[in-house]
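For reference, the structure discussed in these notes is given below.
The values are calculated or read from the model by the stated rules, or taken from the named source; none is laboratory data. Keep in mind that what you see is a predicted model, and the values were worked out from it rather than measured. Heads up, the Cβs are rebuilt from the backbone with ideal geometry, glycines too, and the neighbour counts pull from every protein chain shown. We work out accessible area using only protein heavy atoms, side chains counted, and drop any ligands, DNA or RNA first. Shrake-Rupley method; radii C 1.70, N 1.55, O 1.52, S 1.80 Å.
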Amino acid sequence: MTIAHLFKSHDKDLGGGFTVRRILPAAARQSVGPFLFFDHMGPVEAEPGARHDVRPHPHIGLATVTYLFEGAIMHRDSLGTEQRIEPGAINWMTAGSGIVHSERTPEDLLGRKRRTHGLQLWAALPREHEEAPAAFSHTPADRIPEVQLDGARVRVLVGTALGRTSPVPTFADTLYLDVHLDAGAAIELDRLPDEAALYAPIGAIEIDGEAVAANTMAMLEPGAAVRVSSREGARFVVIGGEPLDGKRFIFWNFVSTSRERIEQAAHDWEADRFVAVPGETERIPLPPLPAAWRHD
């Protein structure tokens with residue numbers, strides 16, 4: 001048996017009618033390697049004039065990793081970054097000690113019917129880098145290494161695989177692959193991190209002959225070498241890396257090894273002490289702290 005856990009997704013409303021499928025964190029597992037949030041966005045159709053914007057909000061202690069299959073997002077942050085995110089590129093935003101960003105529909109797309117489909121992951125920063133300076137790294141699609149195999153194409157989004165290394169900077173050993181499988185094709189995956197998982201946002205896959213249901217993540221046994229196949233063709237991702245160096249507290253958009261640090265970040269957001277995104281006047285309000293935290 002090569003599948004250790006199967007994680008089903010649940011719907012999460014991000015506001016404005018924009019709903020994602022959230023797979024991580026799961027009840028049985030907080031993270032896979034450094035990844036402790038895994039959101040599958042769409043595919044969603046938007047009519048002309050409709051906005052699926054995420055207003056300015058803060059983060060600490062993590063890095064967001066955004067990857068699109070279709071559509072476009074305009075990223076703006078408190079560092080002054082303005083970056084259009086398009087299919088095939090990797091956008092790695094290090095929150096560290098604190099950052100604020102917004103994700104909006106580009107103005108040139110508002111007047112037309114459009115479709116958005118992609119993934120956003122959060123990677124917890126190692127304990128020694130939790131308070132690293134905030135940063136933003138954009139790696140365009142044409143700089144992502146690709147490997148063509150028989151019936152398969154592998155894009156090495158983050159980390160090293162099949163003799164190719166992504167230029168995306170990270171703080172720990174991290175793997176993120178985008179695999180296109182032709183109908184009836186299969187690919188052998190080995191030398192994976194001890195913590196690794198597969199998820200197919202497009203099509204259906206089988207792992208060593210075992211079907212994995214739609215919107216389900218399959219975490220592999222440590223050190224497993226697997227054969228992934230698809231009868232009708234599919235696109236799946238592989239995520240993983242070295243295990244987290246300890247438990248993480250998570251509240252809203254904040255991640256830390258210290259609950260007190262999260263509480264401080266929450267108070268700072270409520271008191272408007274985070275640096276604002278230039279040109280933005282909106283902000284997402286702080287939700288209530290968990291009841292268990294309020295009554296300690």
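Using a 1.4 Å probe over the heavy atoms of the protein chains, calculate the carbon and sulfur portion of the accessible area of the chain as a whole percent.
In the chain, the share of accessible area belonging to carbon and sulfur is 48 percent.
Based on the Cα atoms of the chain, what semi-axes does the equivalent ellipsoid have, where each is the square root of 5 times one gyration tensor eigenvalue, given in whole Å with the largest first?
Computed over the chain, the values are 31, 23, 18 Å.
Rounded to the nearest whole Å², what accessible area per residue is found for the chain with the 1.4 Å probe?
44
Are there GluC sites (Glu not before Pro) in the range 193-281 that DSSP puts in a loop and that have at most 15 other Cβ atoms within 10 Å, and which ones? List each step's numbers first, then the result.
Values: sites: E195, E206, E210, E232, E260, E263, E270, E280; in loops: E232, E280.
Answer in residue order: E232.
I want the local charge near R29. Using Cβ-Cβ distances under 14 Å, sum +1 for each Lys or Arg and -1 for each Asp or Glu among the other residues.
+1
Please report the spacing between the Cα centers of the range 232-274 and the range 34-67 in Å, no decimals.
That distance is 14 Å.
Mark the label point 7 Å from the Cα of E131 along Cα→Cβ and return the residues of the range 60-101 whose backbone N is within less than 15 Å of it.
60-62, 96-99
Determine the calculated [θ] at 222 nm for the chain from helices alone, applying -39500 (n - 2.57) to every DSSP H run no shorter than 4 residues and normalising by the residue count; nearest 500 deg cm²/dmol.
-1500 deg cm²/dmol
What does the charge count near A124 come to, summing +1 for each Lys or Arg and -1 for each Asp or Glu among other residues with Cβ under 14 Å from its Cβ?
Spelling it out: positives minus negatives among the neighbours equals -2.
Give me the Kirkwood hydrodynamic radius of the range 185-258 in Å, from all C-alpha pairs, to one decimal place? Intermediate results must be reported in sequence, preceding the final value.
Details: mean 1/r = 0.0727 Å⁻¹.
It works out to 13.8 Å.
Hey, got the dipole for the chain? About the Cα centre, +1 on K and R Cβ, -1 on D and E Cβ, debye to the nearest 20?
Taking the Cα centre of the chain as origin, the dipole is about 380 debye.
Around S230, with a cut-off of 12 angstrom between Cβ atoms, what is the net charge of the other residues, counting Lys and Arg +1 and Asp and Glu -1?
Working: positive: R227, R231, R235; negative: D182, E206, E232.
Once all neighbours under 12 Å are counted, the net charge is 0.
Report, ordered by chain and residue number, the aspartates and glutamates lying within cross-link reach of K113, taken as a straight Cα distance under 12 Å and ignoring same-chain residues fewer than 8 apart.
Qualifying aspartates and glutamates at Cα under 12 Å: E45, E47.
Would you please name the trypsin sites (Lys or Arg not before Pro) within the range 195-296 that are DSSP coil residues with at most 14 other C-beta atoms within 10 Å of their C-beta?
When the trypsin sites (Lys or Arg not before Pro) of the range 195-296 are filtered for loop state and at most 14 Cβ neighbours within 10 Å, R231, K247, R273 remain.
Can you pull out the trypsin sites (Lys or Arg not before Pro) in the range 67-113 whose DSSP state is coil and whose Cβ has at most 15 other Cβ atoms within 10 Å? Intermediate values should be presented prior to the final figure.
Values: sites: R76, R84, R104, R112, K113; in loops: R112, K113.
The qualifying sites are R112, K113.
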